[in-house]
Structure formats: structure tokens, C-alpha cells
Amino acid sequence: MSEGDAALIYLGEFVKQRAGLIIGLDKTYLWQSRLRGLMQRFALADFDALAARLRGGDPALATAVVESMTTHETLFFRDMGPFNHFRKVGLPHFSETRSHVRTLRIWSAACSSGQEPYSLAMILLEEQAKLTGWRFEIIATDVSEGVLQKAREARFSHFEVQRGLPSLYLAKYFEKDGDSWRLKPAVRDMVTFQPFNLLDDPRSLGRFDVVFCRNVLIYFDFPTKGAVLDRIGQAMAADGMLYLGGVETVYGVTDRFGPLGDQRGVYGLVNTSAKAASAA
């Protein structure tokens, strides 16, 4: 084993412990492409120097490494199925079961630059005539403060607004801002962004009726997936709905969740999933 390989093994363990990410020696190209700029910024000659600096305890470097290695791919209304389910099944279900409190709390976990929670906010605005007097709270979290800052700005390029966003929504909810587009305050104000690591206990965020945690579990190993799902379950209401990515599943990972109806990727807590599915 070369010194460089030893450094990469250490870096792999480091990002796994800090963010749950699994990035092995076979992903050398990924380490090189994502850390090249960081190493130049911190004046580090190679991976050995980077590993040594991390071992010495440099919090700024540690944060930068985790942010650099985290995947931030996202787009508006990514895989429309879950958003249609939330609109056509989830909202009617909760409008009935929460009619006494008229409050709905939604968590967009690993939200990246904000397209997912803003998509949910636009759906709620589209449905607001049916939900007069309701209070909605969308909490959007990510381990990367860098992408959260971009999300808070709510400014997107022409390329970004063309990926998944219906043209009607662009005209209705965005304003042209130079070479980019910015969401109007009515949408921006519906979402609260804050840093959060999925390896931590989410109960500090409060209890949620709906959780979108999509296309992030695929980067975790099997035990980490189970632990994250179990912790999410502890932060959900008894009849809450969990939305995962299209290639993600709870089967064989945790017995805390079961499927809700026929929509792929939608789950409920096992002791109430049958009841929620029938209500849907």
C-alpha cells in the first residue's frame, strides 16, 4: 500500500464518520476532482499533507472536506411522482387528520441548494385556497453550510430553472434578476434553512408530519441507512409520511417503516401504515 492510498483510506474513514459517506479507494478520481481546489486553497501539496492536517485538528479544513465530498445534485420537482403524491394524497389526508390544529410541519432533509423545499412551498401555495387558515412550516437541512447559503439566496441560473420547473411556475413564482431568476418572497419566506447532519438526532428539530429524504441514503452503507431511518422515525408523527428516492427502500434496512399505498418510495411508520394507506 502506498502512502497516498493510506491517506485516502484515512480520508474515507473521516468523511464516513463525519457525514456517513462511503467513498473508497476505487473513487480516486472523485477525491482528486473534488479536493483539488480545496488543497490549493489550504496550500496542501498532496493527500498525505491533507490527511496529516486533518489529524492535527483543523476545524475549518474538516468542514471544507465534508462539504467538498458531499453530492449536491438536485433540481426542481425531481421525479414528479412523490410531489404529485404529496399534493393529491398527502395534503388531503392531513387536511382531515390535522383539521383541529391546522398545522403541517415538513422536513426536507439533505436539501442541497433548496430546489426540493421550494418545490414543496410552491405546491402549498397552489393549494392554499383549500387550506385557508393553515400554518405550514418547512424546515430544510443540509450538512453543507455552503449550499444552504445558496438556498437562502433563492437565486437560480437559467439552466437550473429549466430542470423540472413547470414554465407556469417560473412565470408565477420567480422574478428575473440579472442573468438569473430569484424566487419571490412569498415562496422564500415559507422555508427555514439550517445546518444538520443526518448522523445526529433529528428530534432537536421537532416533530414532523412529512419528511422528504430523497437520494441521500444511496451514499450510506447498510448500517448507516438503518440508523438514519430509525432516527427519522423517532422525529415523525404517528401517521407521518416519509418520501425516499426512486432507488431507495426501507426493505431489509429497517422494520420501523412500511409502504403507504401503491406509490413507490412513500412510507409510513409500521404501526399506523395500514390506517394511513386506507385513508389515502
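Some observations on this one:
- Close pairs (8 angstrom Cβ cut-off, 6 or more residues apart or separate chains): more than 17 Å from Phe77 (Cβ to Cβ) in the range 147-168, open to solvent by 80 Å² or more (accessible area, probe 1.4 Å) and assigned to a helix (DSSP H, G or I) anywhere: none
- Set side by side, the residues Ser95, Ser108, Ser113, Ser99 differ, and just one is free of Cβ contacts under 8 Å to residues at least 60 places away in the same chain and open to solvent by less than 40 Å² (accessible area, probe 1.4 Å), which is Ser113.
- Scanning the range 128-152 for residues that are in a helix (DSSP H, G or I) and either of a type in the set (A, V, I, L, M) or buried (at least 21 other Cβ atoms within 10 Å of the Cβ) (or both) yields a count of 4.
- Every listed requirement among (1) in contact (Cβ under 8 Å) with a residue 60 or more places away in the chain; (2) aromatic (Phe, Trp, Tyr); (3) surrounded by fewer than 23 Cβ atoms within 10 Å (Cβ to Cβ) is met by Tyr251 save one, (1).
- Looking only at the range 1-50, and only at residues there that are more than 29 Å from Ala109 (Cα to Cα) and among the small types (Gly, Ala, Ser), the one that is nearest to the chain's Cα centre (by Cα): Ala7
- Of the residues contained in the range 143-165, none is found to be within 20 Å of Gly90 (Cβ to Cβ) and hydrophobic (A, V, I, L, M, F, W, C).
The values are calculated or read from the model by the stated rules, or taken from the named source; none is laboratory data. Model, not experiment: these values are computed from the prediction. Heads up, the Cβs are rebuilt from the backbone with ideal geometry, glycines too, and the neighbour counts pull from every protein chain shown. Remember, those area values only see protein heavy atoms, side chains included, never the ligands or the DNA or RNA. Shrake-Rupley method; radii C 1.70, N 1.55, O 1.52, S 1.80 Å.
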